[in-house]
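The values are calculated or read from the model by the stated rules, or taken from the named source; none is laboratory data. Nothing here was measured: the structure is a model prediction, and the numbers come from that model. Ideal geometry is used to build each Cβ from the backbone, glycine not excepted, and the neighbour counts take in all protein chains shown. The area values use the complete protein model at the heavy-atom level, side chains included, leaving out ligands, DNA and RNA. Shrake-Rupley method; radii C 1.70, N 1.55, O 1.52, S 1.80 Å.
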Amino acid sequence: MKILVTGGAGFIGSAFVRMAAAEGMHIEMCDKMTYAADILRVDSVKSSISVHTADIADTGAMDAIFSSTMPDAVVHFAAETHVDRSIMNPDEFVRTNVTGTATLLRLAAKYKIKKFVHISTDEVYGDLPADTNLKFTETDPLMPNSPYAASKASADMFVRSYIKTFGLPALIVRPSNNYGPWQYPEKLIPLTIAKALLGEKMPVYGKGDNVRTWLFVDDCANGILDLLKNGAAGEIYNIGSHEERKNIEVITSILDIMKADKNLIEFVPDRPGHDFRYAVETDKINSATGWKSRIEFEEGLFRTVNWYLDNKEWLLRKKSEVEGFVKALMAQYAKGKQSN
Ligand SMILES: NC(=O)c1ccc[n+]([C@@H]2O[C@H](COP(=O)([O-])OP(=O)(O)OC[C@H]3O[C@@H](n4cnc5c(N)ncnc54)[C@H](O)[C@@H]3O)[C@@H](O)[C@H]2O)c1
């Protein structure tokens, strides 16, 4: 099967590319190479994939890639993904996540793609109260709270409309929070590891009580591969684990593994619209493909921390790139106002 993978130089997309290439699939990878991309992530399979540098919102460039490669399937990861950046600059999220997805759908219909796998997020459902065992199912309404989540929910609606209006054989995947090697250190786990290495204060939003369900990135990539092969067109599938942790518990576990000083933790004003808890039911993907998450959080976190310690130079180089953004963000939240 020939697959066009968008966002393949990103964190989850690259894990998928490494896994699919190892299975012998023909991969055409397309990425705009934004700040979040790194081609090093697919270095181990570079001889068996083709790489196209292009913006998914650029119809001409994407049409040229579809017509020259004629893929059987599209697996669409490309997105602006950082919630804090979506609060600072929502326009870029509309452009890539909404216009970019709509562009790909139009081309997928034009080139009669046999399967379109759209990677969404559990954040489209909004959040859950702390004191319940409720979990989101695929039929729950979309109640996005951040500009990032709103842009992803909009993209999901476009996918739905192409299924209904044009009969596009598309399906939507909604993963929960991923963690693992190669994640950009603007996200909680690699940022915490980098700060612990440097002995820097680590800002924690609110009291660190927000709960996330943590999914090891290889488990997620595996689930997406299963759905590419056996997921039904027209359907929506959650992908998640049962590993719910408060942010403060995640940070404390990292500091324990690294034997670092817990006094580095510093509580800062919460981010606007910060979702409290996410959790998803995963019975549907399990029935459709037999998939379930395999890596327990303690094992995955231990492997992850050790990967970053082994790849310290990469981690600290990437962290220095985001320094200016993080400082501006903290100053803005401290002032308690949003830019537009
Ligand atoms: N990371 C998570 O925990 C998580 C959880 C649920 C869902 N998701 C979804 O999974 C997908 C991948 O997430 P990730 O964490 O790997 O993101 P990432 O930020 O690491 O990577 C995104 C990739 O998309 C590329 N990209 C951005 N704009 C583009 C454009 N206009 N054209 C082409 N390429 C572009 C970037 O260069 C980058 O390589 C996203 O759709 C995200 O919404 C992520």
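Somewhere in segment 49-58, is a residue assigned to a helix (DSSP H, G or I) and in the same structural domain as ASP156 (by TED's automatic domain parsing)? Explain how you work it out, then say what you get.
As a first pass, look at segment 49-58 and keep what is assigned to a helix (DSSP H, G or I): none.
No, segment 49-58 contains no residue that is assigned to a helix (DSSP H, G or I) and in the same structural domain as ASP156 (by TED's automatic domain parsing).
Could you please find all residues in segment 186-243 being open to solvent by 20 Å² or more (accessible area, probe 1.4 Å), closer than 30 Å to ALA170 by Cα and of a type in the set (A, V, I, L, M)?
Residues satisfying the conditions are ALA232, ALA233, ILE236.
Within segment 16-41, take every residue that is in contact (Cβ under 8 Å) with a residue 40 or more places away in the chain and near the ligand (Cβ under 8 Å from one of its atoms) and give me the one that is surrounded by the fewest Cβ atoms within 10 Å (Cβ to Cβ).
Ranking the candidates gives TYR35 first.
Can you confirm whether ARG106 is in a helix (DSSP H, G or I), at pLDDT 95 or above and open to solvent by 40 Å² or more (accessible area, probe 1.4 Å)? Reasoning before the result, please.
On the way: in a helix (DSSP H, G or I): yes; at pLDDT 95 or above: yes; open to solvent by 40 Å² or more (accessible area, probe 1.4 Å): yes.
For ARG106, the condition - in a helix (DSSP H, G or I), at pLDDT 95 or above and open to solvent by 40 Å² or more (accessible area, probe 1.4 Å) - is met.
Kindly indicate whether ALA232 is away from the ligand (no atom under 16 Å from the Cβ) and within 17 Å of THR304 (Cα to Cα).
So ALA232 fails the test.
Consider ARG95 against the criteria (1) more than 11 Å from the ligand (Cβ to nearest atom); (2) under 26 Å from TYR184 (Cα atoms): it satisfies all of them except one. Which criterion is unmet?
(1)
Scan segment 59-79 residue by residue and report those that are near the ligand (Cβ under 10 Å from one of its atoms), open to solvent by 20 Å² or more (accessible area, probe 1.4 Å) and part of a loop (DSSP other than H, G, I, E, B).
PHE77, ALA79
It is to be established whether one or more residues within segment 230-249 are among the acidic types (Asp, Glu), under 21 Å from GLU299 (Cβ atoms) and in a helix (DSSP H, G or I). Outline the logic, then answer.
Here is the first cut: in segment 230-249, the ones among the acidic types (Asp, Glu) are 235, 243-244, 249.
Now narrow it down to the ones that are under 21 Å from GLU299 (Cβ atoms): 243-244, 249.
Narrowing the set further to residues that are in a helix (DSSP H, G or I) leaves 249.
Yes - at least one qualifying residue is present in segment 230-249.
Name, by its number, the condition in (1) more than 9 Å from the ligand (Cβ to nearest atom); (2) crowded, with 21+ Cβ neighbours inside 10 Å that does not hold for ARG85.
Unmet for ARG85, out of (1) more than 9 Å from the ligand (Cβ to nearest atom); (2) crowded, with 21+ Cβ neighbours inside 10 Å: (2).
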